[in-house]
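Q: Quick one: the structure is below, questions incoming.
The values are calculated or read from the model by the stated rules, or taken from the named source; none is laboratory data. None of these values were measured; they are calculated from a predicted model. FYI the Cβ positions are ideal-geometry reconstructions off the backbone, even for glycines, and counts take in every protein chain you see. Each accessible area value is taken on the protein alone, full model and side chains, heavy atoms only, with ligands, DNA and RNA left out. Shrake-Rupley method; radii C 1.70, N 1.55, O 1.52, S 1.80 Å.
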Amino acid sequence: MNEEQWLEELLKFNGEDGKLSEKQMKILEAAIEMFAEKGYAATSTSEIAKRAGVAEGTIFRHYKTKKELLLAIVTPTLLQSVAPFLAKEFAKEVFEHQYEHYEDFVRTVWKNRYEFVKKYLPAIRVFWQEVAFHAEIKKQLETVFTAHVYEKFKKIVLYFQEKGEIADFPVESVIRLTITTIAGFFATRFIIMPDYDWDDEAEMERTIQFLMNGLRKKEA
């Protein structure tokens with residue numbers, strides 16, 4: 001899948017299905033490349049315009065500010081990140097499936113998000129780099145997670161705590177530890193050390209076992 005194809009697919013989650021002009025697509029492609037390479041703060045709209053092959057004024061005809069351009073990239077990326085949790089089939093398969101072990105649930109979510117990160121890595125890179133610096137993005141992330149993911153996640157954690165499989169930590173702690181362990185691997189694998197000679201399958205197994213050893217309820 002080339003850059004234009006994955007970008008078009010990504011934008012569908014923001015209601016942009018087939019509505020963007022060729023110039024808008026070039027602007028978004030250039031912005032993703034520049035933000036990923038240099039960061040939002042260090043990138044000027046004139047640089048984006050030059051890479052996109054358009055006049056700088058063209059950018060401002062489509063996006064009022066550089067921040068609006070950033071959000072045009074980040075919003076569909078965020079929605080795409082969470083969209084599988086909203087989809088009926090995915091929810092049934094992942095959150096409503098009767099897992100034998102919490103580890104099975106973690107493995108299912110991990111593999112699904114691994115494929116997502118690989119597919120949309122340039123936009124994901126922009127999202128991860130900028131989320132800590134923009135209140136609007138942090139608010140979007142919090143709202144989407146709270147509204148669509150938290151309760152389903154909580155139900156699964158409580159189920160395995162009641163079974164005595166994982167420790168009686170606060171539910172929020174179990175969710176945080178699970179998410180940050182998975183996200184930490186992805187950040188290291190794809191952002192911090194992308195050129196390292198990774199054995200993804202082996203590293204995934206090690207990380208899952210590390211997480212489960214920490215969460216597993218210890219015998220009294």
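Q: Mind counting the residues in the stretch 178-202 that are part of a helix (DSSP H, G or I) and in contact with a Ser or Thr (Cβ under 9 Å, 6 or more places away or on another chain)? Step through it out loud before you land on a result.
A: Just the residues of the stretch 178-202 that are part of a helix (DSSP H, G or I), to begin with: 178-192, 200-202.
Add one more test, that the residue is in contact with a Ser or Thr (Cβ under 9 Å, 6 or more places away or on another chain), and what stays is 181-182, 184-185.
Here the count works out to 4.
Q: Taking the stretch 191-220 only, how many residues are free of Cβ contacts under 8 Å to residues at least 24 places away in the same chain and open to solvent by less than 60 Å² (accessible area, probe 1.4 Å)? Show your work before the answer.
A: We begin by selecting, within the stretch 191-220, every residue free of Cβ contacts under 8 Å to residues at least 24 places away in the same chain; these are 192-199, 201-203, 205-206, 209, 213, 219-220.
Subsequent filtering for residues that are open to solvent by less than 60 Å² (accessible area, probe 1.4 Å) retains 194, 198, 202-203.
Residues that pass the stated criteria total 4.
Q: From the list E4, E89, E9, E68, which one is at pLDDT 70 or above and either part of a helix (DSSP H, G or I) or not β-branched (V, I, T) (or both)? Working first, answer last.
A: On the way: E4 fails: at pLDDT 70 or above; E89 fails: at pLDDT 70 or above; E9 fails: at pLDDT 70 or above.
Of the residues listed, the single one that is at pLDDT 70 or above and either part of a helix (DSSP H, G or I) or not β-branched (V, I, T) (or both) is E68.
Q: Residues that are in contact with an Asp or Glu (Cβ under 8 Å, 6 or more places away or on another chain), open to solvent by 60 Å² or more (accessible area, probe 1.4 Å) and of a type in the set (V, I, T): find the helices (runs of 4 or more DSSP H) completely inside the stretch 14-64 holding 3 or more of those.
A: Values: elements: 22-38, 45-52, 56-62.
Qualifying helices (runs of 4 or more DSSP H): none found.
Q: Quick check on my filter: what residues within the stretch 24-77 are touching a Phe, Trp or Tyr at 6+ places or on another chain (Cβ under 8 Å) and either in contact (Cβ under 8 Å) with a residue 60 or more places away in the chain or of a type in the set (F, W, Y) (or both)? Please lay out each step first, then the result.
A: Taking the stretch 24-77 and keeping what is touching a Phe, Trp or Tyr at 6+ places or on another chain (Cβ under 8 Å), we get 27, 40-41, 43, 45, 66, 69-70, 72-74, 76-77.
Across the stretch 24-77, the qualifying residues are Y40, A41, L70, V74, P76, T77.
So that you can scan it fast, the table gives a plain yes or no per residue for (1) on the phi < 0 side of the Ramachandran plot; (2) out of contact with any Lys or Arg (no Cβ under 8 Å at 6 or more places or on another chain); (3) not charged (D, E, K, R):
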{"site": "I156", "(1), (2), (3)": "yes, yes, yes"}
{"site": "A167", "(1), (2), (3)": "yes, no, yes"}
{"site": "V171", "(1), (2), (3)": "yes, no, yes"}
{"site": "T178", "(1), (2), (3)": "yes, yes, yes"}
{"site": "F185", "(1), (2), (3)": "yes, yes, yes"}
{"site": "R189", "(1), (2), (3)": "yes, yes, no"}
{"site": "D200", "(1), (2), (3)": "yes, no, no"}
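Q: Which condition number does T178 fail, the rest of (1) under 30 Å from Y40 (Cα atoms); (2) open to solvent by 30 Å² or more (accessible area, probe 1.4 Å); (3) among the hydroxyl-bearing types (S, T, Y) being met?
A: Condition not satisfied by T178: (2).
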